[in-house]
Amino acid sequence: MSIEVRPATAARFDDVATMLGPKNPDASVCWCLSHRLDWKTNRSLAGRARGEYVRELCGRQVAPGVLAYCDAEVAGWAAVAPRAELPFARSRKIPHVDDLPVWSVWCIRVRPGYRGRGISHALLEGAVAYARSQGAPAIEGYPVDNQGKKVDQTMAYVGTRKLFEDAGFAKAADTSSVSGGFHRVVMRLNLR
């Protein structure tokens with residue numbers, strides 16, 4: 001099995017849609033915009049407008065995330081961007097560790113049928129590599145500290161502390177944020 005991770009560019013938008021889009025294009029699902037946009041903008045986008053917004057993101061100079069390919073089939077997605085561009089920049093629940101212009105990775109998704117193959121590890125490593133290639137001094141994630149307990153699939157997108165530790169991240173701070181019944185922590189990896 002071969003896993004490759006690539007930036008989510010305009011040329012790969014169909015694969016982004018496979019990972020994030022609904023079966024019904026008129027449905028107003030997340031499209032990985034809930035933590036990328038402020039509440040008002042996020043609520044204003046409905047149905048097909050959500051996908052079109054993501055298409056526009058994929059056309060920008062900095063990709064909105066990375067895609068994992070398993071034997072040339074899209075298998076996963078990780079959202080990654082400068083924290084300053086995200087609602088996390090103003091979060092009252094997820095603290096700033098310092099004034100460093102860090103990047104954030106906040107959503108990791110693996111398609112059914114590909115889980116348990118190391119795709120999430122490859123996605124996180126790919127997100128780190130992409131942030132580094134864009135000049136990020138450090139990258140953060142905000143996973144659950146589930147202490148080995150099972151995380152509900154619908155809430156697993158934030159990742160687990162162990163996943164981030166396995167990628168070399170260290171705990172930088174506690175948060176007051178909870179996901180799936182577990183407290184979240186700030187995990188950080190310095191890139192310089």
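Table for the structure above
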read-out: Residue identified as part of a loop (DSSP other than H, G, I, E, B), of a type in the set (A, V, I, L, M, F, W, C) and at pLDDT 95 or above among LEU57, LEU33; value: LEU33
read-out: All positions within the stretch 99-121 that are open to solvent by 80 Å² or more (accessible area, probe 1.4 Å) and either free of Cβ contacts under 8 Å to residues at least 40 places away in the same chain or under 16 Å from the mean Cα position of the chain (by Cα) (or both); value: ASP99, PRO101, ARG109, PRO112, ARG115, GLY116
read-out: One residue from THR41, THR18 being in a helix (DSSP H, G or I), in contact with a strand residue (DSSP E or B) (Cβ under 6 Å, 6 or more places away or on another chain) and surrounded by fewer than 18 Cβ atoms within 10 Å (Cβ to Cβ); value: THR18
read-out: Within the stretch 113-156, tally of residues that are under 21 Å from VAL102 (Cβ atoms), in contact with a strand residue (DSSP E or B) (Cβ under 9 Å, 6 or more places away or on another chain) and either of a type in the set (Gly, Ala, Ser) or at pLDDT below 95 (or both); value: 9
read-out: Residue satisfying all of: in the stretch 21-38; closer than 17 Å to VAL80 by Cα and of a type in the set (A, V, I, L, M); surrounded by the most Cβ atoms within 10 Å (Cβ to Cβ) among these; value: LEU33
read-out: Residue satisfying all of: in the stretch 161-172; assigned to a helix (DSSP H, G or I) and of a type in the set (Lys, Arg); least open to solvent (accessible area, probe 1.4 Å) among these; value: ARG161
read-out: Tally of residues being part of a helix (DSSP H, G or I), open to solvent by less than 60 Å² (accessible area, probe 1.4 Å) and touching a Pro at 6+ places or on another chain (Cβ under 9 Å) across the stretch 122-160; value: 4
read-out: Residue within the stretch 173-187 that is part of a strand (DSSP E or B), of a type outside the set (Gly, Ala, Ser) and exposed (fewer than 14 other Cβ atoms within 10 Å of the Cβ) present; value: yes
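The values are calculated or read from the model by the stated rules, or taken from the named source; none is laboratory data. Note that the structure is a prediction, hence the values are computed from the model and not measured. Virtual Cβ from ideal backbone geometry, glycine too; neighbours counted across all protein chains shown. Keep in mind that these areas ignore ligands, DNA and RNA; they rest on the heavy atoms of the full protein, side chains included. Shrake-Rupley method; radii C 1.70, N 1.55, O 1.52, S 1.80 Å.
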